[in-house]
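The values are calculated or read from the model by the stated rules, or taken from the named source; none is laboratory data. All figures in this text were calculated on a predicted structure; none of them were measured in a lab. Note: ideal-geometry Cβ built from the backbone for every residue, glycine included; neighbour counts use all protein chains shown. Protein only, heavy atoms only, side chains kept; ligands, DNA and RNA dropped before computing areas. Shrake-Rupley method; radii C 1.70, N 1.55, O 1.52, S 1.80 Å.
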Amino acid sequence: MADEKKVYLDYNATTPLEPEVVAAITSSLTEAWGNPSSSHDAGVKAKKVIDEARCNVANMIGAKSSDIIFTSGGTEGNNMIIQTAVKGDNRDKLPHFITSNLEHDSVKLVLEHLAEEGTASVTFVPASSKTGQVDVDDVLSAIRPSTCMITVMMANNETGVIQPIKLISEKFHGQINQSRKSLPERYYFTLMQPRLLGK
């Protein structure tokens, strides 16, 4: 039985760590374990590791390191972005969100709650029963002047279906450039896996 090969088929939910990642985590836990806000050696090392990681992520996505905020996980990150959009600059209108009916609970349940309490309005764009993908035109046609966020999961963690994020983004930006539709000064276009924030 020990020689029997195992096949792991749940990569879309969680992947085994690459050796380089294990090495980086092990190094951080053994050498840079201090409080990064402290001025002692262990704290200085920890701050350096965090700062380097922040710069690496920023370089990877073409952002400034000051734009990178680390959270404890996707649920906290999703909630922070959604709450930021709700409390956005121009709130004389009820903020409107566009999402799909396939979203992770950390997005879906929060948006349902906001809609129930009257803090926001939400359009859930249904995915095709044949392809599992949302229709790009359905997403774009849901845009209103009060739309503050479009959030669509890039790859579903249960089915593995990949959404047409690039096409949604391209058509969205093209629509904005052509029609100058009256969207708020600041809007959020978010993606899961990875999640990006844009203006």
Next item on the list: Could you please find all residues in segment 77-123 being touching a Ser or Thr at 6+ places or on another chain (Cβ under 6 Å) and either aromatic (Phe, Trp, Tyr) or open to solvent by 70 Å² or more (accessible area, probe 1.4 Å) (or both)?
Entry: Lys93, Leu94
Note to self: Can you pull out every residue in segment 37-58 that is in contact with a Gly (Cβ under 6 Å, 6 or more places away or on another chain) and within 21 Å of Ile69 (Cβ to Cβ)?
What the structure shows: Gly43, Ala46
Notebook entry, point to check: If we scan segment 67-82, do we find a residue that is over 25 Å from Asn157 (Cα atoms) and under 15 Å from the mean Cα position of the chain (by Cα)?
Noted result: yes
Next item on the list: Those residues that are among the polar types (S, T, N, Q), open to solvent by less than 80 Å² (accessible area, probe 1.4 Å) and closer than 21 Å to Ile81 by Cα, I need them from segment 21-70; list them, please.
Entry: Ser65
Item checked: Qualifying residues in segment 134-167 (those that are open to solvent by less than 20 Å² (accessible area, probe 1.4 Å) and either in contact with a Cys (Cβ under 7 Å, 6 or more places away or on another chain) or in contact (Cβ under 8 Å) with a residue 60 or more places away in the chain (or both)) - the one nearest to Lys93 (Cα to Cα) -> Cys148
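So that you can scan it fast, the table gives a plain yes or no per residue for (1) small (Gly, Ala, Ser); (2) in contact with a Ser or Thr (Cβ under 8 Å, 6 or more places away or on another chain); (3) modelled with pLDDT of 90 or more:
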{"residue": "Val136", "(1), (2), (3)": "no, no, yes"}
{"residue": "Met153", "(1), (2), (3)": "no, yes, yes"}
{"residue": "Ile162", "(1), (2), (3)": "no, no, yes"}
{"residue": "Lys166", "(1), (2), (3)": "no, no, yes"}
{"residue": "Gln175", "(1), (2), (3)": "no, no, no"}
Check: Looking at segment 136-164, which of its residues are within 20 Å of the chain's Cα centre (by Cα) and of a type in the set (D, E, K, R)?
Finding: Glu158
